[in-house]
1. Whether any residue in segment 201-209 is touching a residue at least 24 places away in the same chain (Cβ under 8 Å), within 18 Å of Leu112 (Cβ to Cβ) and of a type in the set (Gly, Ala, Ser) is what I want to check.
2. Across segment 103-150, what is the total count of residues that are aromatic (Phe, Trp, Tyr) and closer than 22 Å to Glu10 by Cα?
3. On the basis of being in contact with a Leu (Cβ under 7 Å, 6 or more places away or on another chain) and crowded, with 18+ Cβ neighbours inside 10 Å, does Ala207 make the cut?
4. Could you list, in sequence order, all residues of segment 60-89 that are among the polar types (S, T, N, Q) and buried (at least 18 other Cβ atoms within 10 Å of the Cβ)?
5. Starting from segment 167-182, take each residue that is more than 17 Å from Thr28 (Cα to Cα) and without any contact (Cβ under 8 Å) to a residue 24 or more places away in the chain and list its partners that are of a type in the set (Gly, Ala, Ser) and part of a loop (DSSP other than H, G, I, E, B), counting only C-beta distances under 6 angstrom and pairs at least six apart or across chains.
6. State the number of residues belonging to segment 1-37 that are surrounded by 16 or more Cβ atoms within 10 Å (Cβ to Cβ), within 20 Å of Leu80 (Cβ to Cβ) and more than 15 Å from the chain's Cα centre (by Cα).
7. For segment 191-210, does any single residue satisfy the condition of being among the small types (Gly, Ala, Ser) and more than 15 Å from the chain's Cα centre (by Cα)?
8. Only residues that are among the aliphatic types (A, V, I, L, M), closer than 17 Å to Arg25 by Cα and at pLDDT 95 or above: list them for segment 53-79, please.
Amino acid sequence: MDARCLGITELVETPSVAVVVDVMRAYTVAAWAFARGAERIVLAESLDEALALKARHPDWVALKDGAPAPGFDAVNSPGLLRSADLGGRTVVQKTTAGTVGALAVKEASLVLCAGFVVAEATARLLRTRACDSVTFVVTGEDGRAEEDLACAQYIARRADGVATDAAGFLRRARESRAAAELEQGVRQGAHPDDVPLCLELDRFPFAMVATPEDSLMVLRPCPAPAPTDEATS
């Protein structure tokens with residue numbers, strides 16, 4: 001598989017297959033939302049759009065980066081979301097980088113959103129689809145976020161069916177700038193467990209696929225294909 005890692009601003013053309021990586025924290029949060037029963041996640045273009053969607057659909061759950069704000073029901077923190085009851089709900093998510101990255105490649109034929117918590121499921125789906133060329137969108141720090149690069153590189157190796165020790169990749173993420181900022185309280189709307197929750201490898205058995213639905217970009221869980229003999233770990 002031909003894999004390349006690009007930042008959002010480096011996307012000069014629409015890739016055929018894109019894996020949008022945001023480990024800390026958008027797509028860890030999204031995975032937790034599905035685990036807590038959410039039916040779908042609408043990826044909003046802006047805070048105003050998120051609030052407008054919430055106003056039109058009061059039963060939807062609006063979620064954003066940073067501190068709590070009027071009109072929003074939750075913040076972008078897996079530690080704070082993991083106890084929520086989202087059974088059958090639609091979540092509207094707007095984050096600084098993760099949702100921006102997915103919307104930047106919305107014309108791709110296949111868009112997956114990922115973090116370490118869904119790494120193997122994402123890799124299996126790429127193998128099943130026989131994807132020859134994959135663009136990993138590294139959303140953090142203008143494409144230089146170490147936690148996102150590490151996750152993208154790990155998924156790429158697993159998508160090629162290579163038995164890979166995850167420890168070094170997880171260590172890079174653990175030592176990243178994002179992890180330090182979360183632990184030091186630099187980022188608002190955080191929980192003390194956010195970093196370890198973001199580094200739970202393969203916590204969930206599904207990949208996450210984003211597709212256009214009625215002018216919205218909608219993320220849904222997709223059960224991981226069964227492992228094949230050539231891709232066993």
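The values are calculated or read from the model by the stated rules, or taken from the named source; none is laboratory data. On a predicted model such as this, the values are computed, not experimentally measured, just so you know. All Cβ positions, glycine included, derive from the backbone under ideal geometry; neighbour counts span all protein chains shown.
1. There is at least one residue in segment 201-209 that is touching a residue at least 24 places away in the same chain (Cβ under 8 Å), within 18 Å of Leu112 (Cβ to Cβ) and of a type in the set (Gly, Ala, Ser).
2. Looking only at that region, the number is 1.
3. Answer is yes for this residue.
4. Correct list: Asn76, Ser77.
5. none
6. Count: 1.
7. no
8. Passing the criteria: Ala62, Leu63, Ala74, Val75.
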